[in-house]
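To start, the structure under review is shown below, and the notes come after it.
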Amino acid sequence: MTATAAPATVSRPARTPGAHIGPDWRNGLFIVPFLIVYLGLLIYPLFWGMWISLQQYDMFDQSAIFAGFANFKRLMGDGIFLGTVRNTFLFVLMTVPAFVIIGLALALALNREGRTGATLRAVFFGASVLSVTIVTIIWKMMYLPGIGLISRALGVVGIAPIPFLTSQNMALPAIAATTVWWIIGLPMMLFLAALQQIPGELYEAAALDSAGRWRTLWSITLPSITRTLVVVVIYEIVAQFQLFGQTLLLTQGGPNNSSRSIVLFIYETGFRDWNLGYAAAASEILFLLMAVAAMVQYIASRRREA
Amino acid sequence: MAHAQKIVGRRAGDRVILGAVIFLAFLWVVPVLWVLILSFKANSELMLSTGSAFRLPYTLKNYADILASSGVFRWFFNSVVVASLNTLATLILASLAGYGFARTEFPFKNVIFVLVLLGLAIPEQAVIIARHQMFTDWKMHNTYLALILPGLSNAFGVFLMTQYFRSIPMDIDEAAMLDNASRFKIFWRVLLPLTIPAQATLGIFTFLACWNDYLWPLISATKPEMFTLTVGIASTQTNFAQSEGLGFLMAQAVFAGLPVFIVYLFFQRYIIQAVAGAAIR
């Protein structure tokens, strides 16, 4: 396309006020507004954050002294922080498979035309538009013993209330379930979009071979949506690593730190205790963990494709 | 014959699956209905037992109380201002940059584009401490600008718009250039109108993300009159179980959730298309 256009520029008289094909530094002006915000509010604080993570802040007058990797060393020996890393990994392990399996199952079941499909899709996606604050209010009213609907329902069957949010073993799974309820709509929609890209002929061929439901799923559907599968897994890993609002509002990280996440740790250390250097160091570790997790996933998926 | 049987079996299987999904959808709706019912119950009754939710009488008193005394209106207003301006500014910045990257040539373009793409990998938490310090130094916390600006540094919009601009045939620009139009004029008059679908996708995404954002508004807006709806509703959640105003709290949650939900019901088709559209890209 550009090849055919090039002669046109040549034949035009030079130095016209209008635009021309080819490089011109003034074209760069289009990206300048974004670039300013991007450099100022993302790149600059990224590097400054790294610098802060090497400082020791005085709790009282907020003066800082360079401390090298002292914050990182301390984190490695901090039981509470290591606990938050463990909790965050557990949370990712609980939610990401659920997002993939339930999301794909819903997409397969709801990949149909007509009102029923549309209504059901709207139901499952609907909760995603709610904010974390409202979602946690809703789920407190489900979980709280005595008050919550779940304990009421169990009471009808004669089962004692389960203290979901105040039990060390139940708190994190309860938060995970809430999270799946909340944002299952996104993976579902991503899978639906991918399913609709699969050419119908493939299924017709499978039907002629009278391949069963499972066989069709394994040998046609799944191979056709590998790319989306990878996108969903990486996206959800990155998103769920950032667990924050649900645990702050449902359990405050408790009981006994059993549901405290890395981001909650960063928030509390940085903005409640004002221990900025320590919080920044924790945020660098989170950044690293997320990058590594996403990279491993990506490389693994590449290898499978090759 | 066996083939026909298989088809019949498949139909029955479809029914079973649909039934299961409808049941699951019912479970999905129950928590919302529960909160909705509670919001119509008198606080004194709920104090005794939430089981009373299934019995008459119901009341509108909780909603009347909100109208009489609640920060909800102010927070709602703040959220509207912040989310709208953030969305508008994101659309402007992303469209300009997307056009620049996709359809023009300038020195170091590809290098800069890669650097911008790398920004997609930077999570908010990795910058939030320094960012908070910056706004402290500028004495800008508890302002609308502080709530709007940080979101604009997200590179997702630029990425999306660049992809979209690339998908438009180049002849369009070339024809306009022959008419001696300036670059900006080509962008503004000729190409921007063609990107409306992408604008809608990005706009919906940005608005929802900003409306529901929690971490940054929580640490930046510390004065109740500057809370966004998300932060404000969260601030009322303390002493939840002991609260005498359980019904009031529920009414507040419904009141806060309803506008987004109504918008969702109205624009549902577009929102779902937007998500799907972004997925394919």
Exercise for review: Sort out which residues of the stretch B:113-127 are facing another protein chain (nearest Cβ under 7 Å) and not in a loop (DSSP other than H, G, I, E, B), and write them in order of number.
Suggested key: B:Val116, B:Gly119, B:Ala121, B:Gln125, B:Ala126
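Residue-by-condition table, conditions (1) within 9 Å of chain B (Cβ to nearest Cβ); (2) polar (S, T, N, Q):
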position	(1), (2)
A:Val32	yes, no
A:Trp48	yes, no
A:Ser63	no, yes
A:Val92	no, no
Practice item. Out of A:Ala211, A:Ala207, report the one residue that is modelled with pLDDT under 85, in a loop (DSSP other than H, G, I, E, B) and not hydroxyl-bearing (Ser, Thr, Tyr). Key: A:Ala211
Review point. Going by the conditions given, is A:Thr226 open to solvent by 10 Å² or more (accessible area, probe 1.4 Å), hydroxyl-bearing (Ser, Thr, Tyr) and more than 10 Å from chain B (Cβ to nearest Cβ)?
Key: yes
Check your understanding: Do we have B:Phe135 as modelled with pLDDT of 85 or more and in contact with a His (Cβ under 7 Å, 6 or more places away or on another chain) here?
Key -> yes
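For (1) closer than 20 Å to B:Leu160 by Cα; (2) touching a helix residue (DSSP H, G or I) at 6+ places or on another chain (Cβ under 8 Å); (3) of a type in the set (A, V, I, L, M); (4) in contact (Cβ under 8 Å) with a residue 60 or more places away in the chain, each residue gets a yes or a no:
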| position | (1), (2), (3), (4) |
| --- | --- |
| B:Met177 | no, yes, yes, no |
| B:Ser182 | no, no, no, no |
| B:Leu194 | yes, yes, yes, no |
| B:Leu202 | yes, yes, yes, yes |
| B:Phe207 | yes, yes, no, yes |
| B:Asp213 | no, yes, no, yes |
| B:Thr228 | no, yes, no, yes |
**Study point:** Residue in the stretch A:133-172 that is nearest to A:Phe89 (Cα to Cα), counting only those that are assigned to a loop (DSSP other than H, G, I, E, B) and small (Gly, Ala, Ser)
**Key:** A:Ser167
Study note, to complete from the structure: Sole miss for A:Ala105 among (1) at pLDDT 90 or above; (2) more than 17 Å from the chain's Cα centre (by Cα); (3) closer than 27 Å to B:Phe261 by Cα; (4) buried (at least 22 other Cβ atoms within 10 Å of the Cβ) is condition (4)
Review point. Of the residues A:Val96, A:Val100, which single one is assigned to a helix (DSSP H, G or I), open to solvent by less than 30 Å² (accessible area, probe 1.4 Å), within 24 Å of A:Gly200 (Cα to Cα) and at pLDDT 95 or above?
Key: A:Val100
Review point. Under the condition of being of a type outside the set (Gly, Ala, Ser) and more than 20 Å from A:Ile134 (Cβ to Cβ), which residue from the stretch A:241-258 is most open to solvent (accessible area, probe 1.4 Å)?
Key: A:Asn256
Review point. Just wondering, is there one or more residues in the stretch B:69-76 that are closer than 27 Å to B:Pro217 by Cα, open to solvent by 70 Å² or more (accessible area, probe 1.4 Å) and modelled with pLDDT of 70 or more?
Key: yes
Check your understanding: In the stretch B:128-143, what count of residues is obtained for those that are open to solvent by 70 Å² or more (accessible area, probe 1.4 Å) and part of a loop (DSSP other than H, G, I, E, B)?
Key -> 2
Review point. Looking at the stretch A:109-125, is at least one residue within 7 Å of another protein chain (Cβ to nearest Cβ), among the β-branched types (Val, Ile, Thr), buried (at least 22 other Cβ atoms within 10 Å of the Cβ) and free of Cβ contacts under 8 Å to residues at least 24 places away in the same chain?
Key: no
Exercise for review: Test A:Val238 against the stated conditions and say whether it is within 11 Å of chain B (Cβ to nearest Cβ) and assigned to a helix (DSSP H, G or I).
Suggested key: yes
**Study point:** Residues located in the stretch A:274-295, provided they are aliphatic (A, V, I, L, M) and under 16 Å from the mean Cα position of the chain (by Cα)
**Key:** A:Leu286, A:Leu288, A:Leu289, A:Met290, A:Ala291, A:Val292, A:Ala293, A:Ala294, A:Met295
Check your understanding: So which residues in the stretch B:25-35 are more than 8 Å from every other protein chain (Cβ to nearest Cβ) and of a type in the set (A, V, I, L, M), if there are any at all?
Key -> B:Leu27, B:Leu33
Review point. So B:Ala279 fits all but one of (1) at pLDDT 85 or above; (2) assigned to a helix (DSSP H, G or I); what number is the exception?
Key: (1)
**Study point:** Members of the stretch A:155-200 that are over 15 Å from A:Glu236 (Cα atoms), open to solvent by 40 Å² or more (accessible area, probe 1.4 Å) and within 13 Å of chain B (Cβ to nearest Cβ)
**Key:** A:Gly155, A:Val156, A:Pro161, A:Pro163, A:Thr166, A:Gln196, A:Gln197
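The values are calculated or read from the model by the stated rules, or taken from the named source; none is laboratory data. Owing to the predicted nature of the structure, the values given are computational and were not obtained by experimental measurement. Quick reminder, even Gly has a Cβ in these numbers, built from the backbone with ideal geometry, and neighbours come from all protein chains shown. In case anyone asks, the SASA skips ligands and DNA or RNA and just uses the protein heavy atoms, side chains included. Shrake-Rupley method; radii C 1.70, N 1.55, O 1.52, S 1.80 Å.
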